[in-house]
Each structure stands twice: as C-alpha cells, then as structure tokens.
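K.L.:
Structure below; questions to follow.
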Amino acid sequence: MTTSSTAHAFATPPAQARRLGIISCIHGNLEALESVLADLRARDVDSLLCLGDLVGYGPFPDESTSRIRELGVPTVLGCWDEGIAEENENCGCTFVTQEEGQLGAMAFLWTTLHVSEETKSYLGTLPMSLAFDLPCGRLVAVHGSPASTSEYLMESTHELVLFERAASAGGDLLVCGHTHVPYVKHLAGALAEDRHQRR
C-alpha cells in the first residue's frame, strides 16, 4: 500500500470515526509502527490517536515522528518527547532497577545526539492533552496522566488516585499511555466540593 493510501486509510477525525485506533509509546521503532499500522488497516480502523513518546530507545526517532506527522495523527506530548524537546537531562521516567536507569540514560543521550532539530521542534509543539466528543462520551487523551507526562497510572494504582485523575481531566473516558501495559478500568462516582472547608 502506498503512503498516500495509508494516509487516506486513517483520514477520519477521531470525533467522526467508526473505529478509532489508539497507539502509544512508539519510541523510534519504525518497523513496529509499520506493523501496527498494517494491522489497524486490516481491522478497518479509520482514525488514529497517538498518546505520545514518539522517540526514545529505538533507532529511528526522526523517521517514526515523520510517519506520524505524514499521517496527520492527533498526538499528545509524551515524557520522552518533552525531555528531548526541552533538552532536559532525562525523560523523567521512573526505572525499577539501577541497570534500567543506566540503560535509560544511555538511550536518552543517544536520542539527544541523533534527533534532528526539525523533529525536536515538532515535539515541542505537541499538546499535553487532547479531547474529543464521541458518541460514547467525551474522551480525553494524555500520555502519563492529566497531571504529568511522567506519572504512571497503573492498574494497581489506588482507585482514589485513578478517580481523581480521571475526574480532573473533565471527560467521560481517559486514555493514557506511558505504562506499556494495556488495561481498562471502570470508575464511578463524583467529586464534591467541601463548602465547609476552612479558607
């Protein structure tokens, strides 16, 4: 399939999609990205949304970013995107072991040295969040959480924390990337203001 026909395959805006594909954490892995795009086409997905982290770890940060731009995929800022765009010392990630931290630092340095100024500039334009009104409700997309690109909202995160983050987003559906672990969590309730709270 040609590039133009691929772009046409995902040309529907998310709010008008019949089938919305949500991708995240591409991390410069162009081959994996192309495989996922092919799979989504086969599933008749007509619109895409990306939850950030276009760069980091993988060897093709510029090419992966260009592919997402070429397709016109609405994309939010990831923690790696933010770190590279702002020329920070690291991605702001939390690593489990010292070895993982060292490898992460090496990957960050490599990405810093190999990413183009054009890619860096584009990453700096990405928004922290995007919102779409869908038939099933208002969807809010972020990378880590509504509070931070580097906050992990795991399935094991306390439900009160998850509820607060979801409520603060102002939507019915909150979709996050960052964890590299897919899950669905249903939360119900409402936040109430304490009018008797001391001022």
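K.L.:
Over region 60-199, what is the percentage of antiparallel beta bridges among all DSSP beta bridges, to the nearest 5?
P.N.:
Within region 60-199, antiparallel bridges account for around 60 percent of the total.
K.L.:
In addition: Please sort by residue number the trypsin sites (Lys or Arg not before Pro) in region 1-95 whose DSSP state is loop and whose Cβ has at most 16 other Cβ atoms within 10 Å. Numbers along the way, then the final one.
P.N.:
Details: sites: Arg18, Arg19, Arg41, Arg43, Arg67, Arg69; in loops: Arg18, Arg19, Arg43.
Sparse-neighbourhood loop trypsin sites (Lys or Arg not before Pro): Arg18, Arg19, Arg43.
K.L.:
Can you give the charge dipole size of the chain about its Cα centre, rounded to the nearest 20 debye, using +1 on the beta carbon of Lys and Arg and -1 on the beta carbon of Asp and Glu?
P.N.:
740
K.L.:
Pick out, in residue order, every one of the GluC sites (Glu not before Pro) in region 1-102 that is DSSP loop and has at most 16 other C-beta atoms within 10 Å; say none if there are none.
P.N.:
Passing sites in region 1-102 are Glu86, Glu87, Glu89.
K.L.:
Among Ser129, Gly56, Pro14, which residue has its Cα furthest toward the positive end of the charge dipole of the chain, with +1 on Lys/Arg Cβ and -1 on Asp/Glu Cβ?
P.N.:
Value computed over the given set: Pro14.
K.L.:
Evaluate the distance, in nm, between pseudo-label points positioned 7 Å from the Cα of Ser148 and of Met128 along their respective Cα→Cβ axes.
P.N.:
1.2
Computed from the coordinates by the stated procedures, all read-outs in this text should not be read as laboratory data. None of the values given here were measured: they were computed from a predicted structure. As a convention, Cβ positions derive from the backbone with ideal geometry for all residues, glycine included, and neighbour counts pool all protein chains shown.
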